[in-house]
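The values are calculated or read from the model by the stated rules, or taken from the named source; none is laboratory data. Quantities reported herein were computed from a predicted structural model and do not represent experimental measurements. A quick note on method: Cβ atoms are made from the backbone with ideal geometry, for glycine too, and the neighbour counts reach across all protein chains shown. Ligands, DNA and RNA are stripped out before the accessible areas are found, and what is left, the full protein with its side chains, is counted by its heavy atoms. Shrake-Rupley method; radii C 1.70, N 1.55, O 1.52, S 1.80 Å.
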Amino acid sequence: MSNSNLQIDVTARQVSQNGKAVYLTQTELALLLYLLDNAGRITTRPELLAQVWGITAPIHTRTVDMHIAKLRHKLGAQIEITMRKGYVTKKA
């Protein structure tokens, strides 16, 4: 999977940006892949908690926001993740 200067080898679970390896935790990678697979549509916190973390009970947590912040920090301008009523990843 490739998004501009961001390359993702799903099988090897490796991410590189401009040819340099980017270390993502398993959860960060799962979140990134889910967001990219659903690019262009709003994904809500409860949906992300269910699909990435396997949490289906209604809980109040900021873990989604913290992981999104980490992705933004690690990937910079290579991926645009915006917050509306949920998170939206720009289509490549």
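The number of residues in the stretch 33-69 that are open to solvent by 100 Å² or more (accessible area, probe 1.4 Å) and closer than 21 Å to Val10 by Cβ comes to 2. Close contacts from the stretch 37-57, counting a first residue that is assigned to a helix (DSSP H, G or I) and a second that is exposed (fewer than 13 other Cβ atoms within 10 Å of the Cβ), with Cβ to Cβ under 6 Å and a gap of 6+ residues or different chains, come to Ala50/Thr56.
Tell me whether the stretch 71-85 contains one or more residues that are hydroxyl-bearing (Ser, Thr, Tyr), within 13 Å of the chain's Cα centre (by Cα) and modelled with pLDDT of 90 or more. Break it down into steps so the answer makes sense when it comes.
Restricting attention to the stretch 71-85, the residues satisfying the condition of being hydroxyl-bearing (Ser, Thr, Tyr) are 82.
Now drop any that are not within 13 Å of the chain's Cα centre (by Cα), which leaves 82.
Those left that are additionally modelled with pLDDT of 90 or more: none.
Within the stretch 71-85, none of the residues are hydroxyl-bearing (Ser, Thr, Tyr), within 13 Å of the chain's Cα centre (by Cα) and modelled with pLDDT of 90 or more.
For the stretch 2-13, indicate whether the set of residues that are open to solvent by less than 70 Å² (accessible area, probe 1.4 Å), at pLDDT 90 or above and not hydrophobic (A, V, I, L, M, F, W, C) is non-empty. No: zero hits.
Considering Ala21, Ala30, Ala92, the condition of being modelled with pLDDT under 90 and either open to solvent by 70 Å² or more (accessible area, probe 1.4 Å) or under 10 Å from the mean Cα position of the chain (by Cα) (or both) is satisfied by Ala92 alone.
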